[in-house]
Amino acid sequence: MTIEKIWQELAVGDSQRKHPYHVPAIATVSPTQSARVRTVVLRASSQEGRIVQFHTDMRSPKVTEIRDNSSVAALFYNPETKFQLRISGVAVVHHEDSIADSAWEKTRLLSRRCYLSTPPGEPLNKQNFGLPEKLTGRQPTEKESAAARVNFGVVRITVEEIDALELHYSGHKRHLFSWDERLQQFKSIELVP
């Protein structure tokens, strides 16, 4: 189990929709100090930058949670390989900057439609999932989607620690990879599973 192998798997997860790492669970801390967990879609990862990234609606409670407390955790699990990654790090919300602009440009029109809906967590009083009536059953045009940009953001996590667990009938294996700022690399220790 190497740090390179872990980042290779994350790269597959951000590029292949059917890979289990494509939809990790992300945990934040609410203003009342309770834990909040939700599933997100992995949109990018980078070993060189120590980054995992996903999109968010700027009206979502997780944006406030991250801005109030940037410590986050992510859980990735692949049931085929029985490999679990627990990643912790520091998150930054990008909204009106080049990172968000670049991600927006790569976002499909149908996906942009989500950011035209009623704010996340609001009571749903219509059968069209909070979308404008005119978009029911179709994707927006480029022009229609432009109004959604104000609600679109990117959460970028700088990874500080990866706890990797490989479940195996002959004995589980667990490694902790911690970022060493002085050495500019991850240090690894084997842990009791």
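List of remarks:
- Scan of region 23-36 for residues that are surrounded by fewer than 19 Cβ atoms within 10 Å (Cβ to Cβ) and either in contact (Cβ under 8 Å) with a residue 12 or more places away in the chain or over 17 Å from the mean Cα position of the chain (by Cα) (or both), ordered by number: Val23, Ala25, Ala27, Val29, Ser30, Pro31, Thr32, Gln33, Ser34, Arg36
- Summed over region 19-47, residues that are more than 18 Å from Pro120 (Cα to Cα) and at pLDDT 95 or above total 12.
- Some residue of region 151-164 being open to solvent by 60 Å² or more (accessible area, probe 1.4 Å), out of contact with any Leu (no Cβ under 7 Å at 6 or more places or on another chain) and over 18 Å from Val52 (Cα atoms): no
- Of all the criteria given as (1) open to solvent by less than 70 Å² (accessible area, probe 1.4 Å); (2) of a type outside the set (Phe, Trp, Tyr); (3) touching a His at 6+ places or on another chain (Cβ under 8 Å), the one not satisfied by Ile189 is (1).
- Subset of region 59-112 (residues that are among the acidic types (Asp, Glu), closer than 24 Å to Pro140 by Cβ and in a helix (DSSP H, G or I)): Asp101, Glu105
- Conditions (1) surrounded by fewer than 19 Cβ atoms within 10 Å (Cβ to Cβ); (2) among the hydroxyl-bearing types (Ser, Thr, Tyr); (3) outside any strand (DSSP E or B); number of the one not met by Tyr115: (1)
- Subset of region 37-57 (residues that are part of a strand (DSSP E or B) and farther than 14 Å from Ala74 by Cβ): Ser46, His55, Asp57
The values are calculated or read from the model by the stated rules, or taken from the named source; none is laboratory data. Nothing here was measured: the structure is a model prediction, and the numbers come from that model. Cβ coordinates were reconstructed from backbone atoms using ideal geometry, including for glycine residues, and neighbour counts include every protein chain displayed. SASA here: full protein model, heavy atoms, side chains in, ligands and nucleic acids out. Shrake-Rupley method; radii C 1.70, N 1.55, O 1.52, S 1.80 Å.
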